[in-house]
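All remarks here apply to the structure that follows.
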Amino acid sequence: MKGQIFAIVFALIFAAPALADEHSMLARVTVYWPGEGQPFACWNGARLREGHCAVDPKKIPYGSKVLFTDTTCVAVDTGPAVVSRKAARACGRTGSERNAIVVDRFFETKQQARSWEKTHPHFMTVRVVAPEKQSKRNATRIVTKDPNAFIAPWNPFQTPMDSGYGVIMPAILD
């Protein structure tokens, strides 16, 4: 009996990290689109495309995949109404709806956004798949004049000044 309990506990300890990469949660899904003459709608000035969404980065990390019933979006944006969960608190009928996260889906046009909004429920369960972690040790080595140089994994939310992601970084010289 003790052996079985030990085996179950042991299995759960090692299974927990694998299960933590993907989870489901209730979300209030809202829509947005670029304003008049504004090709950029992202908080950091990046160009958004169909398949992007805004999330609270404390709840859903940037780069995560948010799976809806009809498509998959990538979490690349945020905003004050998303972080404060204004839409969920305003129209939620139950406690779980009022406590739901807000995911704001981006559409290229207002017509596309309104059409999707009319044909889907305001609250839905979404699956969130966290981005894969990649260390600098696993970065791809490239041929340069400096054989110790490597290219770090590209991260669209960091500039070359932030840890050098996305640029060739020479090894530290002695």
(Q) So, in the stretch 102-118, how many residues would count as being modelled with pLDDT of 95 or more and among the β-branched types (Val, Ile, Thr)? (A) 2
Q. If you check every pair at least six apart or on different chains, which have Cβ atoms under 9 Å apart with a residue in the stretch 92-121 that is surrounded by fewer than 15 Cβ atoms within 10 Å (Cβ to Cβ) first and a residue that is part of a helix (DSSP H, G or I) second?
A. Arg98/Ala88; Arg98/Arg89; Arg98/Ala90; Arg98/Cys91; Asn99/Ala88; Asn99/Arg89
(Q) Looking for something surrounded by fewer than 17 Cβ atoms within 10 Å (Cβ to Cβ), in contact with a Lys or Arg (Cβ under 7 Å, 6 or more places away or on another chain) and over 20 Å from Pro121 (Cβ atoms) - is there at least one such residue anywhere in the stretch 33-45? (A) yes
**Q.** Residue selected from the stretch 43-73 under the condition under 14 Å from Phe107 (Cβ atoms) and of a type in the set (A, V, I, L, M, F, W, C), by the criterion modelled with the lowest pLDDT
**A.** Leu48
Q. If Met25 satisfies every condition in (1) within 13 Å of Asp104 (Cα to Cα); (2) at pLDDT 75 or above but one, which is the exception?
A. (1)
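The values are calculated or read from the model by the stated rules, or taken from the named source; none is laboratory data. Note that the coordinates shown come from a computational prediction; the quantities given were computed from them, not determined experimentally. With ideal geometry, Cβ positions are generated from the backbone for all residues, glycine too; neighbour counts draw on all protein chains shown.
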